[in-house]
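Participant: One structure follows; several queries about it will come next.
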Amino acid sequence: MGFKALIVEKDAEGKTSASVQNLTDDQLPAGEVTVAVDYSTVNYKDGLCIGPGGGLVRNYPHVPGIDFAGTVEASEDARYKPGDKVVLTGWRVGEAHWGGYSQKARVKADWLVPLPDGLSTRQAMAVGTAGFTAMLAVMALEDHGLRLGNGPVLVTGAAGGVGSVAVALLSALGHEVAAVTGRPETESYLRDLGASQIVPREMINETVKRPLESELWAGCVDAVGGAMLARVLGQMKYGASASAVGLAGGAGLPATVVPFLLRGVNLLGIDSVMQPYENRLRAWDRIARDLPMDKLDAMIQPATLADLPQLGADILKGQVKGRVVVDVN
Ligand code: NDP
């Protein structure tokens with residue numbers, strides 16, 4: 001039977017274009033589990049894959065969508081049977097493999113996790129890769145000693161997907177949260193999610209002038225990278241950790257090693273793509289338990305497959321607020 005998907009094609013000049021088209025089951029790639037997709041989302045990487053590819057897409061025509069949630073339709077793997085609710089993030093799905101911007105997806109069983117108890121497929125995708133990664137970042141801070149009462153935790157790129165979920169999670173856990181944003185109009189949104197302090201982007205977005213500044217932050221979830229992360233490292237409290245999640249502000253890190261040597265600051269790398277299965281379960285379990293669903297609802301911007309070309313361009317310009325949930329049906 002036919003179904004709809006967002007297809008990205010590349011012409012002879014190397015220019016890409018995206019449109020909603022009809023596909024049939026026999027066009028799906030190889031894989032053990034076929035999933036009827038309910039929802040997908042828009043992450044920063046999706047913006048690249050809907051557009052020029054950013055070096056991530058291997059072959060065209062391509063179906064982007066780095067995450068999805070839905071219901072198993074057919075399975076050749078004993079772990080899954082028709083009717084099971086599942087979630088997928090990572091494993092280069094939507095980049096090297098066809099992804100979730102489709103009413104059907106076929107993937108390896110190893111890439112799936114069961115939908116966590118207490119979450120609908122829509123809520124799981126409101127969380128999506130961005131929120132899942134925010135949870136991994138918070139877990140890493142906790143594993144490296146972040147405790148309640150240590151002081152404010154900084155979240156950069158706060159009004160974006162990773163940032164919004166990190167603010168809501170940290171605040172619900174009882175931390176004081178300082179949110180860095182370049183969009184002053186998002187202040188009330190961020191305060192509603194639980195930020196008690198708003199830090200304007202320009203206050204913190206300069207190249208390091210002094211390797212050590214006043215000790216301000218007990219932890220940091222950083223979605224921005226670049227000069228901002230470099231500056232933040234010099235503002236961390238003694239022994240505190242920063243989780244490096246993203247590069248929305250740049251892939252360079254114009255920092256010095258002084259905060260590591262004189263303050264015992266830790267820089268923690270966060271990767272969501274190749275995360276081992278057990279840690280995925282741990283993160284989803286924590287999300288279902290610790291993320292307030294009313295705050296998640298406040299982050300949602302609904303969309304359809306036809307909206308994706310515009311939303312892909314918007315997220316690359318840092319213009320998407322919170323989490324886009326794509327109803328593919
Ligand atoms: P979003 O676009 O939703 O959020 C990024 C936010 O960063 C923006 O909303 C904006 O926040 C801020 N920002 C954008 N441009 C700049 C700039 N030039 N300087 C400073 N701040 C800027 O993206 P996501 O939340 O989906 O992803 C954030 C980052 O995390 C991306 O780089 C993404 O690739 C990465 N990522 C990494 C993962 C991993 O496994 N390590 C998984 C998921 C995402 P504001 O307007 O509030 O300032």
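The values are calculated or read from the model by the stated rules, or taken from the named source; none is laboratory data. Since this is a predicted model, take the numbers as computed values, not measurements. Neighbour counts run over all protein chains shown; Cβ positions are idealised from the backbone, glycine included.
Participant: What are the residues in the stretch 258-278 that are under 16 Å from the mean Cα position of the chain (by Cα) and surrounded by fewer than 18 Cβ atoms within 10 Å (Cβ to Cβ), if any?
Facilitator: Of everything in the stretch 258-278, those that are under 16 Å from the mean Cα position of the chain (by Cα) and surrounded by fewer than 18 Cβ atoms within 10 Å (Cβ to Cβ) turn out to be Gly269, Asp271, Val273, Met274.
Participant: Moving to a separate point now. Restricting to the stretch 69-90, give me the number of residues that are part of a strand (DSSP E or B) and among the basic types (Lys, Arg).
Facilitator: The total comes to 1.
Participant: So, one more: Quick check on my filter: what residues within the stretch 170-228 are in contact with a Pro (Cβ under 8 Å, 6 or more places away or on another chain) and among the polar types (S, T, N, Q)?
Facilitator: Once the filter is applied, which keeps residues that are in contact with a Pro (Cβ under 8 Å, 6 or more places away or on another chain) and among the polar types (S, T, N, Q), the stretch 170-228 yields Thr181, Ser196, Gln197, Thr207.
Participant: Would you call Leu268 farther than 30 Å from Tyr39 by Cα, away from the ligand (no atom under 16 Å from the Cβ) and touching a helix residue (DSSP H, G or I) at 6+ places or on another chain (Cβ under 7 Å)? Steps first, answer last, please.
Facilitator: On the way: farther than 30 Å from Tyr39 by Cα: yes; away from the ligand (no atom under 16 Å from the Cβ): no; touching a helix residue (DSSP H, G or I) at 6+ places or on another chain (Cβ under 7 Å): yes.
Against the criterion (farther than 30 Å from Tyr39 by Cα, away from the ligand (no atom under 16 Å from the Cβ) and touching a helix residue (DSSP H, G or I) at 6+ places or on another chain (Cβ under 7 Å)), Leu268 does not qualify.
Participant: Another question about this same structure. Taking the stretch 290-329 only, how many residues are free of Cβ contacts under 8 Å to residues at least 60 places away in the same chain and away from the ligand (no atom under 15 Å from the Cβ)?
Facilitator: Going residue by residue through the stretch 290-329, those that are free of Cβ contacts under 8 Å to residues at least 60 places away in the same chain are 294, 301-302, 304, 307, 310, 317, 319.
Now drop any that are not away from the ligand (no atom under 15 Å from the Cβ), which leaves 294, 302, 304, 307.
Adding up the residues that qualify gives 4.
Participant: Please go through the stretch 206-254 and give me each residue that is among the polar types (S, T, N, Q) and surrounded by fewer than 18 Cβ atoms within 10 Å (Cβ to Cβ), ordered by number.
Facilitator: Selection gives Thr207, Ser214.
Participant: Among the strands (runs of 3 or more DSSP E) lying completely within the stretch 1-46, list those that include at least 1 residues that are touching a Ser or Thr at 6+ places or on another chain (Cβ under 6 Å).
Facilitator: Here the list reads 2-10, 33-41.
Participant: Among the residues of the stretch 53-68, is there at least one that is part of a strand (DSSP E or B), surrounded by fewer than 24 Cβ atoms within 10 Å (Cβ to Cβ) and in the same structural domain as Gly312 (by TED's automatic domain parsing)?
Facilitator: So the first thing to find is which residues in the stretch 53-68 are part of a strand (DSSP E or B), and the list is 62, 67-68.
Checking which are surrounded by fewer than 24 Cβ atoms within 10 Å (Cβ to Cβ) leaves us with none.
No: the stretch 53-68 contains no residue that is part of a strand (DSSP E or B), surrounded by fewer than 24 Cβ atoms within 10 Å (Cβ to Cβ) and in the same structural domain as Gly312 (by TED's automatic domain parsing).
Participant: Something else now. What residue, among those in the stretch 187-216 that are among the charged types (D, E, K, R) and within 18 Å of Gly160 (Cβ to Cβ), is nearest to the ligand (Cβ to nearest atom)?
Facilitator: Within the stretch 187-216, the match that is nearest to the ligand (Cβ to nearest atom) is Arg201.
Participant: Sticking with this structure for a sec: Hey, could you check the stretch 279-289 for residues that are buried (at least 16 other Cβ atoms within 10 Å of the Cβ) and among the hydrophobic types (A, V, I, L, M, F, W, C) and say which is farthest from the ligand (Cβ to nearest atom)?
Facilitator: Applying the filter and picking the extreme gives Ala288.
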